[in-house]
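Colleague: Would you mind keeping the following structure in view while I ask a few things?
The values are calculated or read from the model by the stated rules, or taken from the named source; none is laboratory data. None of these values were measured; they are calculated from a predicted model. Ideal geometry is used to build each Cβ from the backbone, glycine not excepted, and the neighbour counts take in all protein chains shown. With ligands, DNA and RNA removed, areas are computed over all heavy atoms of the protein, side chains included. Shrake-Rupley method; radii C 1.70, N 1.55, O 1.52, S 1.80 Å.
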Amino acid sequence: MPPAKKRTRTYDPVKIRAAVLAQFGNVQAAVRTLTPEQLTQPTRLGDWTVRELAAHIAAAVESVSRTFDLEPPAKAELALLDWPSATIAPVLAAANADRTRDFAREHPDLDALYARTEQRLSERLAATPGERLLATRPGFMTLADYLVTRTVELVVHTDDLNAAVPGLDIPYDRQALAACTRLLADALAVKAPGASTEVRVPPFAVVQCVAGPRHTRGTPPNVVETDPLTWIRLAAGRTEWRTALDDAKVSASGERADLGGLLPLMG
């Protein structure tokens, strides 16, 4: 008998909308405190400065409102679980870097940019159903699905800002952190289908993946476990698998517990 098809995870649209607004608010409050000197500091994202990273976060959220002004596509073509891998496309990555630098130059007043972005997003979300189709750069998606991807953008780049500015300590909205963790865990299961390895990211996600003998009861022979932020850093390419193992940020047991060749999951 073939294995049962795994059920696709669903997300509460009300909670996701609240999570996006909450995490954007956390970043907005922190960006408001940055000094001119801190804004010129480097980040771990190539040659981006803190100012450019902050502008990129606003642009990533503003993209929701911006797509409302475009003609909606006829049908969705990009499934939520395919979004992480779609961000790896080299052409998209290069264009994204150029757009970020241009966007940062065009919006020197970050306070005004964040305030306008938050207002537009709040107004648009209040009047738009989750089924509305959006023509996003990676592909056509529903608003509900695209908002889940915004939790990934916000959480990953919150971590980038915290890494660039010691002591900034932007908090993570729990729902945003949970959605980000779960989407990236499920994306791993799509990339490496199977049930021989169990990946645990408590308290938010447990997925089975990697082809091989199927486990049915008791402790799985191949187990990977880590915390949410370490998992997100691995999936987003901020931390290498071997480094996380050496630093004891990840525990991995079993011959099929090496995920190094499957990571990162997004660009």
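Colleague: Can you pull out every residue in segment 197-220 that is farther than 20 Å from V155 by Cα and out of contact with any strand residue (DSSP E or B) (no Cβ under 8 Å at 6 or more places or on another chain)?
Modeller: Answer for segment 197-220, where residues must be farther than 20 Å from V155 by Cα and out of contact with any strand residue (DSSP E or B) (no Cβ under 8 Å at 6 or more places or on another chain): A211, P213, R214, T216, R217, G218, T219.
Colleague: Taking strands (runs of 3 or more DSSP E) that do not extend beyond segment 197-267, which have at least 3 residues that are touching a Cys at 6+ places or on another chain (Cβ under 9 Å)?
Modeller: Values: elements: 197-201, 205-209, 223-226, 250-253.
So the answer is 197-201.
Colleague: Okay, moving on. Every residue in segment 117-140 that is surrounded by fewer than 17 Cβ atoms within 10 Å (Cβ to Cβ), more than 12 Å from V61 (Cα to Cα) and not hydrophobic (A, V, I, L, M, F, W, C), please.
Modeller: So the first thing to find is which residues in segment 117-140 are surrounded by fewer than 17 Cβ atoms within 10 Å (Cβ to Cβ), and the list is 119-120, 122-123, 126-132, 135, 137, 139.
The next check asks that each one be more than 12 Å from V61 (Cα to Cα); those that pass are 123, 126-132, 135, 137, 139.
Of everything in segment 117-140, those that are surrounded by fewer than 17 Cβ atoms within 10 Å (Cβ to Cβ), more than 12 Å from V61 (Cα to Cα) and not hydrophobic (A, V, I, L, M, F, W, C) turn out to be E123, T128, P129, G130, E131, R132, R137, G139.
Colleague: For D145, all conditions in the list (1) in contact with a Gly (Cβ under 9 Å, 6 or more places away or on another chain); (2) of a type in the set (D, E); (3) surrounded by fewer than 19 Cβ atoms within 10 Å (Cβ to Cβ) hold save one; what is the number of the exception?
Modeller: Of (1) in contact with a Gly (Cβ under 9 Å, 6 or more places away or on another chain); (2) of a type in the set (D, E); (3) surrounded by fewer than 19 Cβ atoms within 10 Å (Cβ to Cβ), only one is false for D145: (3).
Colleague: To continue, here is another question. Would you mention how many residues in segment 190-217 are open to solvent by 20 Å² or more (accessible area, probe 1.4 Å), under 17 Å from G260 (Cα atoms) and either free of Cβ contacts under 8 Å to residues at least 40 places away in the same chain or under 21 Å from the mean Cα position of the chain (by Cα) (or both)?
Modeller: Residues that pass the stated criteria total 8.
Colleague: Taking into account only those residues within segment 121-167 that are closer than 25 Å to V31 by Cβ and assigned to a loop (DSSP other than H, G, I, E, B), which is modelled with the lowest pLDDT?
Modeller: The qualifying residue modelled with the lowest pLDDT is R137.
Colleague: Please specify each residue of segment 252-262 satisfying the condition of being on the phi < 0 side of the Ramachandran plot and without any contact (Cβ under 8 Å) to a residue 60 or more places away in the chain.
Modeller: Passing the criteria: A252, S253, E255, D258, G260, G261.
Colleague: Being over 30 Å from D69 (Cβ atoms) and of a type in the set (A, V, I, L, M, F, W, C) is true for just one of V152, V156, V165, V148. Which residue is that?
Modeller: On the way: V152 fails: over 30 Å from D69 (Cβ atoms); V156 fails: over 30 Å from D69 (Cβ atoms); V148 fails: over 30 Å from D69 (Cβ atoms).
After applying the criteria, what remains is V165.
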